[in-house]
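Asks: One structure is given below, represented as structure tokens, and several questions about it will come after.
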Amino acid sequence: MKKKIMSFLMIVCLMIAAGCGGYLAYYYYSSGKSEKNIDELRSMIVEEASVVTTETSEDVEGTTTSEDNTAVENDSKQEETPNNMVAVDGTFVQRKFEVLYGANHDFIGWIKIKDTNIDYPVMFTPDDDEYGQHYIHLDFDEEYSSAGLPFIDGSCMVYPATDNIIIYGHNMNSGKMFHDIMKYEEKDFYESHKTFDFDTIYGEGTYEVVAAFYSQIYPEDSTEFKYYRFVNAGDENEFNDYVDNIKKLSIIDTGVDVKYGDKLVTLSTCAYHVKDGRFAVVAKKVEK
């Protein structure tokens with residue numbers, strides 16, 4: 001009888017081990033497949049920054065009538081559009097993102113932090129739900145992916161931009177997606193990565209890190225500071241109050257000055273120090 005019990009337990013253990021092994025194999029296979037897809041998306045970005053020169057009526061040789069001048073002025077206005085912008089289904093986007101946006105109109109930009117795995121497309125579906133979570137477990141082709149894609153909170157706006165654009169991404173055990181923003185709790189990492197790029201379909205963007213901190217998702221009726229609820233400030237006091245709170249929470253002292261009118265981006269991912277824990281990095285837009 002004892003042998004039968006031991007045999008049964010052995011079989012159960014083997015089945016559990018096989019199940020765990022299978023899950024891990026699938027997890028890393030999916031992660032690898034996701035990265036391959038991301039590589040393909042990166043190859044669809046075309047770097048181009050040239051601008052069309054504007055031709056005015058003064059540049060046109062020969063005598064022209066007032067009607068001709070009107071035509072030339074209209075042509076000149078059209079030619080003032082930078083050559084790095086192109087119309088895709090009625091929306092003007094950066095030419096380098098023309099193919100990506102054409103493939104999926106939910107694509108809104110690309111985020112990159114040097115020396116990390118963070119080099120991903122960012123999606124935006126404000127009409128999907130309150131948080132715009134459509135891509136939380138979907139890839140660019142809207143097929144299931146455990147890693148999903150970084151996405152912008154549905155309450156934000158990209159153009160014209162809200163005071164704060166919140167971008168969510170998974171904290172993957174494989175080190176992918178937004179796992180590497182956790183490195184900002186290290187002073188040395190911050191010192192060599194004070195800025196990152198978030199280019200949207202509308203224009204380029206470099207952001208300077210202001211704060212990095214642990215937090216959590218609180219009950220709606222809680223009076224605790226909820227960094228993930230700040231999108232637009234009603235006035236300067238509300239903006240300054242938000243900045244004061246994130247600086248109090250910050251693990252690192254960046255010394256970066258933030259004033260009312262600055263545009264912010266918040267990168268947010270899961271953390272496991274408490275239930276519903278979060279880690280966030282807040283940065284302000286600066287001139288390149």
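Where a number appears in this text, it was derived from the coordinates with a stated rule and is not lab data. Keep in mind that this is a model prediction, so the values were computed, not measured. Note that we place each Cβ from the backbone using ideal geometry, even for glycine, and neighbour counts take in every protein chain shown.
Asks: Quick one: go through region 96-112 and flag any residue whose amide nitrogen is under 11 Å from the point 7 Å out along the Cα-to-Cβ line of ASP197.
Replies: 110-112
Asks: Can you give me the long-range amide H partners of MET85? Hydrogens built in the peptide plane at 1.01 Å from N, cutoff under 5 Å, separation of 5 or more residues or another chain.
Replies: ARG95
Asks: Which FRET efficiency value, to the nearest 0.05, is calculated for LYS285 and GLU47 with the Förster distance at 25 angstrom and r the Cβ-Cβ distance?
Replies: Approximately 0.75, to the nearest 0.05.
Asks: Among LYS194/LYS263; LYS187/LYS284; LYS96/LYS259; LYS36/LYS284; LYS176/LYS259, which pairs are too far apart, with a Cα-Cα distance over 28 Å?
Replies: LYS96/LYS259; LYS36/LYS284; LYS176/LYS259
Asks: How many angstrom lie between the Cα centre of region 134-166 and the Cα centre of region 196-275?
Replies: The distance from the Cα centre of region 134-166 to that of region 196-275 comes to 17 Å.
Asks: Which of rounded, prolate or oblate describes region 106-157 when judged by the alpha-carbon gyration tensor and an a/c cut-off of 1.5?
Replies: oblate
Asks: May I pose another question? Say R0 is 25 Å: what FRET efficiency, to the nearest 0.05, do GLU220 and ASP127 get from their beta-carbon distance?
Replies: 0.65
Asks: With a point put 7 Å past each Cα toward its Cβ, work out how far LYS275 is from LYS187 in nm, to one decimal.
Replies: About 3.5 nm, to one decimal.
Asks: Give, in nm to one decimal, the length gained when the segment between ILE251 and ASP235 is fully stretched (0.36 nm per residue of separation minus the Cα-Cα distance).
Replies: Here the answer is 3.1 nm.
Asks: If you keep only loop residues by DSSP, which chymotrypsin sites (Phe, Trp or Tyr not before Pro) in region 166-271 have at most 14 other Cβ atoms within 10 Å of their Cβ?
Replies: TYR260
Asks: Follow-up question, since we're still on this one. Please give the net charge around PHE239, taking every other residue with its beta carbon less than 12 angstrom from that of PHE239, where Lys and Arg add +1 and Asp and Glu add -1.
Replies: Overall, the nearby charge balance is -4.
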